[in-house]
1. Got a sec? Which of A:297, A:301 is part of a loop (DSSP other than H, G, I, E, B) and out of contact with any helix residue (DSSP H, G or I) (no Cβ under 7 Å at 6 or more places or on another chain)?
2. Among the residues of the range A:226-241, count how many are in contact with a Gly (Cβ under 9 Å, 6 or more places away or on another chain) and either at pLDDT 95 or above or acidic (Asp, Glu) (or both).
3. Taking the criterion of being free of Cβ contacts under 8 Å to residues at least 60 places away in the same chain, out of contact with any Asp or Glu (no Cβ under 6 Å at 6 or more places or on another chain) and of a type outside the set (Gly, Ala, Ser), would at least one residue in the range A:237-255 satisfy it?
4. Given the residues B:262, B:250, which is the only one that is outside any strand (DSSP E or B), more than 12 Å from residue A:201 (Cβ to Cβ) and more than 7 Å from every other protein chain (Cβ to nearest Cβ)?
5. Within the range A:246-268, can one find any residue that is touching a Phe, Trp or Tyr at 6+ places or on another chain (Cβ under 6 Å) and surrounded by 20 or more Cβ atoms within 10 Å (Cβ to Cβ)?
6. Criterion first (part of a strand (DSSP E or B), in contact (Cβ under 8 Å) with a residue 12 or more places away in the chain and within 14 Å of the chain's Cα centre (by Cα)) does residue A:28 satisfy it?
7. Looking at (1) more than 11 Å from chain A (Cβ to nearest Cβ); (2) not in a strand (DSSP E or B), find the lone condition where residue B:228 falls short.
Amino acid sequence: MANDEILLDVKGLKTQFALEEGTVRAVDGVDFTVKRGKTLCVVGESGCGKSVTARAILGIVPSPGKVVDGQMLFYKEDENGSVRPIDLATLRPNGQEIRSIRGAEISMVFQEPMTSFSPVYKIGHQIREPILIHQQVSKAEAREIAIDMLRRCGLPRPERVFDQYPWELSGGMRQRAMIARALVCRPSLLIADEPTTALDVTTETQILELMKELQDELGMAILFITHDLGVVAEVAEEVIVMYLGKVVERADVISLFYEAKHPYTQALLRSIPTISKERRHRLDTIEGMVPDPYNVPSGCPFHPRCPAFMPGICDVIEPPIYALEKGHLARCHLYNEELVGNVMDEPASS
Amino acid sequence: MAEPNGNVILEVQDLKKHFPIKRGFLNKVVGQVKAVDGVSFQVPTGTTLGLVGESGCGKTTTSRCILRAISPTGGKVLFHDEKLGVVDVVTADKATLRQLRLNMQLIFQDPFSSLNPRMTLLDIVGEPLIINRVARGRAVEERVAELLARVGLRPEYMRRYPHAFSGGQRQRIGIARALALNPRLVVADEPVSALDVSIQAQTLNLLQDLQAEFNLSYIFVAHDLSVVQHISDNVAVMYVGRLVEYATNEELFFNPKHPYTEALLSSVRRPDPLSKRERIVLEGDVPDPSHPPTGCYFHPRCRYAKDICQSETPPLLEVSPGHMAACHFATELTLQGVG
């Protein structure tokens, strides 16, 4: 897989939380790759492990969570342009090496712009901090860099914003400042964890446009975590769908929306209300709810809610990932010819 | 707006809620936040009114004023009660209000903070029955069991505490509580925005089923336009405390008359990567309601704004039958709906 295009290659990532009630396998063997300059979306409902995956990459999984297995190869470009992989999973979460990457090479935008800035420091102080840590520049130069980035992120009068406190800005402005902080060291990977969920639709439009512009300008890859399929359709190039700590489907964005393979993805797509003239129809729902993480169902974890449930197969055997055409992956027994025979409508080419 | 008639359950007329801004040692009032500033609409019996707008536009304040959870500064909220006749909620005395509240209930947004963690489901859902002396003793238990079953929860769970339930289940508990007194009007303030997609669909279906079964009228406050389009009969759009447009669902979504509505509709995201629609990116933020712009509040962000918009406030006028818009150019502009 040594390919110039690949920036981050995650293989078999497992993150577990050892709690009194039992071990929660928040991320249970996740594989994906992020390509340079591209956007990968991670979609799923709450508790599917999408945020924990993001935090595992940066080594900031909240205690008592631990990365217990897997590789996260980050292809870092050094000064003379050669690329060498660093396995982020083996780095100590507070060691030197991850600290030189976190905030500089890989940075993160959080969901809640209200709580992710410290209220007691000025915006400028908090944006300048990563520059002073990662670059050999004076405070005055750092101020210039910070103000320039604030301007690019569309904050009016950035010199004034630099000396304001986070609570003096509106939600949309604060999220812009958050993005400025994340991009100020020109990362090659930006992890955005539900960056627009707390915002109004019109502000969301502004922020998504801004992220697209900055991606074109700075060429970073984005790992975009969201539960909103409408946002996915707009920003993603590739999508992975997660359910209970596992990737159940991976595809490019068009295949995912037009030819979803996994019953979970299909059901998710059917359950969102869309604007249409024929109203008053009932929405299709996914029966039941996400099982509690201490008692993950046997076999395929989705089987108790699955409309295509095959007794004796789905509740017994855990489905592997099947490779279908065009790099489309689905974790579902429907794509196993031996098990299903000719029930399938499309042949699996593995 | 349609003429008052017997089939209307609620009429809101020129509703105002101003919050004073107090400063200094003597708490001098230095200004007013006009959170709701002259809102009028009607809710026909058995229908759903969707109330949309961005945060800070006054939609939640409006819904609270209707229930008189907070007292409005001015205006009328006329509730058509079967027994009491037409009652103004704003001026009603305590005893009348008590009667009225049997018929008007609220579903909250956050299913985690709106249920008391120290009360069992029986206490939570049964409390309105006991307070209003509708039932006592075993009758409460029977009614709670019936309600829980109706919203899709197992009646055996009534002695459990809210922490044992997921977000979607808690929202069902909130719905069961709102239904306990057989209300006629339910105000739902962002009832699904805290829920996951699959749970959101279940909850919306439940709300629709209950509406059909009990002939409920809903005021559905939300910011997600796809959800509002799915559930509403009529839609009111608010901007900085005022109503900018009011129309039937189909008119509003497919033939909008206010530039703000057009911009809102253009930011609706569709689950379709191939849909290439023009997005209207609104510059700047929603104005501060304590210092709103002159004239039309939307003019600094409006791409059709002309000189008149800066100086004169456009009234809410009927553009076509039943379709109201507050824009100087409502009849002249050709605006893009969704479609």
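1. Among A:297, A:301, only A:301 is part of a loop (DSSP other than H, G, I, E, B) and out of contact with any helix residue (DSSP H, G or I) (no Cβ under 7 Å at 6 or more places or on another chain).
2. Qualifying residue count, the range A:226-241: 3.
3. Yes, because at least one residue in the range A:237-255 is free of Cβ contacts under 8 Å to residues at least 60 places away in the same chain, out of contact with any Asp or Glu (no Cβ under 6 Å at 6 or more places or on another chain) and of a type outside the set (Gly, Ala, Ser).
4. Only one candidate qualifies: B:262.
5. Applying the first criterion (touching a Phe, Trp or Tyr at 6+ places or on another chain (Cβ under 6 Å)) to the range A:246-268 yields A:248, A:264.
Narrowing further to those that are surrounded by 20 or more Cβ atoms within 10 Å (Cβ to Cβ): A:248, A:264.
Yes, the range A:246-268 contains a residue that is touching a Phe, Trp or Tyr at 6+ places or on another chain (Cβ under 6 Å) and surrounded by 20 or more Cβ atoms within 10 Å (Cβ to Cβ).
6. Working: part of a strand (DSSP E or B): yes; in contact (Cβ under 8 Å) with a residue 12 or more places away in the chain: yes; within 14 Å of the chain's Cα centre (by Cα): no.
Judged against the criteria, residue A:28 is not a match.
7. Single failed check for residue B:228: (1).
Rundown of residues vs (1) touching a Phe, Trp or Tyr at 6+ places or on another chain (Cβ under 8 Å); (2) surrounded by fewer than 20 Cβ atoms within 10 Å (Cβ to Cβ), yes/no style:
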{"site": "B:21", "(1), (2)": "no, yes"}
{"site": "B:39", "(1), (2)": "no, no"}
{"site": "B:50", "(1), (2)": "yes, no"}
{"site": "B:56", "(1), (2)": "no, no"}
{"site": "B:59", "(1), (2)": "no, no"}
{"site": "B:92", "(1), (2)": "no, yes"}
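The values are calculated or read from the model by the stated rules, or taken from the named source; none is laboratory data. Quick caveat: nothing in here was measured; it's all calculated off a predicted structure. FYI the Cβ positions are ideal-geometry reconstructions off the backbone, even for glycines, and counts take in every protein chain you see.
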